Amino acid sequence: MVVRLIAGTGAGPTNHAAYEAALRAAGHEQRLCVAQSHMAQSQTGSWAHAVLGWLRDERSGCATFIELQHDNLELLQRELRAAELSRRYQSTVPLGPLQVRFASAPCRGQPVCALVLALRVE
């Protein structure tokens, strides 16, 4: 299985409209979405940050995903590192390198959405 990580951000009059705009910005088409991480933000001056990490079992090729969101990028990065270490510690098989994609969007008066998708590519 091949998985591709894509990201996008969008703004709109509602949180759902911002989410739809982020999907379009990411170039998402009708493909199988394996995992997603997204955060909407409607408070002016705040940020929406989303991250999706992917660790692959080196033996079977199966994947485990880490989906996190936060309004503070530094805290999000710390949480990602802690989650990765936890997954590696709990795993009974060797895991490959962390593949990761971030999306960030500042709220400037209308709702925004930061979105990261893992898509199965055939």
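The numbers here are math on the coordinates, done by the rules we state, and not lab data. Note that the structure is predicted; figures quoted are calculated from it, not measured. Glycine also receives a Cβ, built like all others from the backbone with ideal geometry; neighbour counts cover every protein chain displayed.
The ranking of Val51, Val100 from fewest to most other beta carbons within 10 Å of each one's beta carbon is Val100, Val51.
Length gained on full extension, Gln90 to Phe65: 7.6 nm, using 0.36 nm per residue less the C-alpha separation. For Ala63, the residues whose amide H sits under 5 Å from its own are Asp57, ignoring neighbours fewer than 5 places away on the same chain, with H placed 1.01 Å from N. In terms of surrounding Cβ atoms within a 10 Å radius of their Cβ, Thr9, Thr64 rank from fewest to most as Thr64, Thr9.
Our summary gives the chain a relative contact order of 44 percent, counting only alpha carbon pairs under 8 angstrom and 6 or more residues apart. Exposure proxy shown here: for Cys113, Cys107, the number of other Cβ atoms within 10 Å sets the order, fewest to most, as Cys107, Cys113. Give the angle, between 0 and 90 degrees and rounded to the nearest 10, that separates the Cα long axis of helix 73-90 from the longest principal axis of the Cα atoms of the chain. Once rounded, one gets 20 degrees. When +1 charges are put on Lys and Arg Cβ atoms and -1 charges on Asp and Glu Cβ atoms, the dipole computed for the chain relative to its Cα centre reaches about 180 debye. Summing Lys and Arg as +1 and Asp and Glu as -1 over all other residues whose Cβ lies under 15 Å from the Cβ of His38 gives a net charge of -1.
Sorting the segments 87-96, 14-23 by their residues' average number of neighbouring beta-carbon atoms within 10 angstrom, most packed first, yields 14-23, 87-96. Here's how it looks for Ser46: its modeled amide H is under 5 Å from those of Cys107, which are all 5 or more places away or on a different chain. Relative contact order, whole percent, for segment 20-66 stands at 24, derived from Cα pairs under 8 Å and 6 or more residues apart.
Segment 38-122 gives an Rg/Rh value of 1.07, both radii derived from C-alpha positions and Rh following Kirkwood.
Where only DSSP H runs of four or more residues are counted, the chain gives -8000 deg cm²/dmol as its mean residue ellipticity at 222 nm, each run worth -39500 (n - 2.57).
Between the helical axis of 15-26 and the dominant principal axis of the chain, each derived from Cα atoms, what acute angle in degrees is found, rounded to the nearest 10? Roughly 60 degrees between the two axes.
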